[in-house]
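Down below is the structure, laid out as structure tokens.
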Amino acid sequence: MVRARVLEILNGGQIGERYEVMGWVRSRRDSKAGFSFIDLNDGSCLSNLQIIADKELPEYEDQVLRAYTGSSLRVVGVLNESPARGQAVELKAERVELIGPVDPASYPLQKKRHSFEFLRTIAHLRPRTNTFGAVARVRNAVSYGIHKFFQDRGFVYIHTPIITGSDCEGAGELFHVTSLDLEEVARKGEEIDFSQDLFGRPANLTVSGQMEAEAYALALGKVYTFGPTFRAENSNTSRHLAEFWMIEPEMAFCDLKGNIEVARGLLRFIFNWVLERCEEDLKFFNRFIDQTVVSTLELVANGDYEVITYTRAVELLSESGKKFEFHVGWGLDLRSEHERYLCEEVFNKPIIIIDYPKDIKPFYMKLNDDEKTVRAMDVLVPRVGEIIGGSEREDRYEVLERRMRETGINPEDYWWYLDLRRYGSAPHSGFGLGLERLIQFITGLSNIRDVIPFPRTPGNLEF
Ligand code: 4AD
Ligand code: MG
């Protein structure tokens, strides 16, 4: 007897071999001919294994007939070719053991289509659905692929702190971290004395590992981070989470052009990687979520990416004659509707927008000679908009210090970041890729809450 997972059995199980499998019942049908058909799923792949249980089995009444949707089973049986259409094999059960029963009256996941809104209220059970199982497997494959890409190219994976004292993006969307007794602080009604706090100063959850990654890039040459990131942004959109995962490569002796090459190389690599490894799950998304998922992926896996300046993007938007909800003009930030218009209607491919006005980007981006724009790059893809934000970094001590003052940042607070420009400075660049936005693009799922296991958004902290 061979203990196996459904994936192994479906991809090369031996006819006539005896297998032991364990999983959860997706559905059961009892035929008049004296058989029950059980669709068993164990999460190893999207497909179920069909189990045939004869009513002559001694445990038929007690175990098989109580195997409702959602219950867990152990089955031992012999693999046969299946006469039924749509499947090559089936397991003829010799023994069926009900491990974890389910009360069908209260089990919330019945065999029908549930709305994504409803499934978010049962985030602990939704991985048992086809969609969320597939998302989890794709997310896993993408994560593995990201490490593979960087490891094969000599990047060093570094772990940057989750608790920090700096605000890298300067946007102030910070979660505070404290060990102070907030009730006591409130009762006293005095100004908060952070010297009494664990770190002796204000602390927050990181919005980016970039600054620390820069320190390591200026020693190891090429590094990347891959970890959780936090933003206390009080916006309820389909593209924002309060906790999300970001991949941040940082490269020394690399300018904006080199940065664009790495970003494009990474995206192309990942799209090819999932097309190769997640065929079944992608077909499922293509069928049930968005019919353009696979064709778009194939397009961006090998196709071309348009590089345009911010100034050109604004021109294209102004000339479009299209009525946008948000105003377009040089110096204003591009909104999602603008990004999507450029990507989907003007170019119909991913675009990389460079040289943004300095006033709408963080202080650390390298100032261009025009003194008005910075060497920023945002990568936009159809349907999702921005998935990557990055730049060449300001590597000149004086300019960086001046930019800090101009943007209201006290250079003393960032003395160590300035030191990197004082000692052995070098041109360097990097970017941040939002993992969830990438998974949204790959799966076609329109809401970011459905591509992370337990989403954190304003007002949601169950699970
Ligand atoms: O453009 P952002 O803010 O860039 C940075 O944080 C830089 N420090 C990165 C760097 O240069 N090392 O964020 C990078 C990416 C965005 O393009 C987006 O994909 C994702 O992170 N992102 C979010 N994803 C989900 N929810 C949010 N609230 C996000 N904010 C940013
Ligand atoms: Mg950005």
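The numbers here are math on the coordinates, done by the rules we state, and not lab data. Computed from a predicted structure; not experimentally measured. Neighbour counts are summed over all protein chains in view; Cβ atoms, including those assigned to glycine, are modelled from backbone coordinates with ideal geometry.
Numbers at a glance
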{"quantity": "Mean projection area, nm², convex hull over Cα of the stretch 287-438", "calculated": "11.1"}
{"quantity": "In Å, descending, principal axis extents of the Cα set of the stretch 279-333", "calculated": "45, 25, 18"}
{"quantity": "For the stretch 37-195, diffusion coefficient by Stokes-Einstein and Kirkwood Rh (Cα), 25 °C, 0.890 mPa s, µm²/s", "calculated": "115"}
{"quantity": "Lysine pairs meeting the criterion (Cα under 24 Å, 8 or more apart or interchain), as found in the stretch 31-149", "calculated": "7"}
{"quantity": "Reachable lysines from Lys372, criterion Cα separation under 30 angstrom, eight or more residues apart if same chain", "calculated": "Lys222, Lys257, Lys322, Lys323, Lys349, Lys358, Lys361"}
{"quantity": "For peptides 457-463, 178-184, sequence by mean Cβ density within 10 Å, most packed first", "calculated": "457-463, 178-184"}
{"quantity": "Rg over Rh, two decimals, the stretch 6-95 (C-alpha only, Kirkwood Rh)", "calculated": "0.92"}
{"quantity": "Contact order normalised by residue count of the stretch 1-67, Cα under 8 Å, 6+ apart, percent", "calculated": "27"}
{"quantity": "Cα-based Rg and Dmax for the stretch 174-276, where Dmax is the largest Cα-Cα distance (Å)", "calculated": "19.4, 61"}
{"quantity": "Dimensionless Rg over Rh [the stretch 56-142; C-alpha; Kirkwood]", "calculated": "1.04"}
{"quantity": "log10 of Debye I(q)/I(0), alpha-carbon scatterers only, for the stretch 96-181 at 0.20 Å⁻¹", "calculated": "-1.01"}
{"quantity": "Among 428-435, 380-387, the order from most to least packed when residues are scored by Cβ within 10 Å on average", "calculated": "428-435, 380-387"}
{"quantity": "The chain - mean residue ellipticity at 222 nm from DSSP helices (-39,500 (n - 2.57) per run, n ≥ 4, rounded to 500)", "calculated": "-8500 deg cm²/dmol"}
{"quantity": "Per-bin percent of Cα-Cα distances, the stretch 359-446 [10 Å]", "calculated": "16, 39, 26, 15, 3"}
{"quantity": "Mean Cβ neighbour count within 10 Å, used as a protection proxy, ranking 283-290, 94-101 highest first", "calculated": "283-290, 94-101"}
{"quantity": "The chain: mean projected area of Cα convex hull, nm²", "calculated": "28.0"}
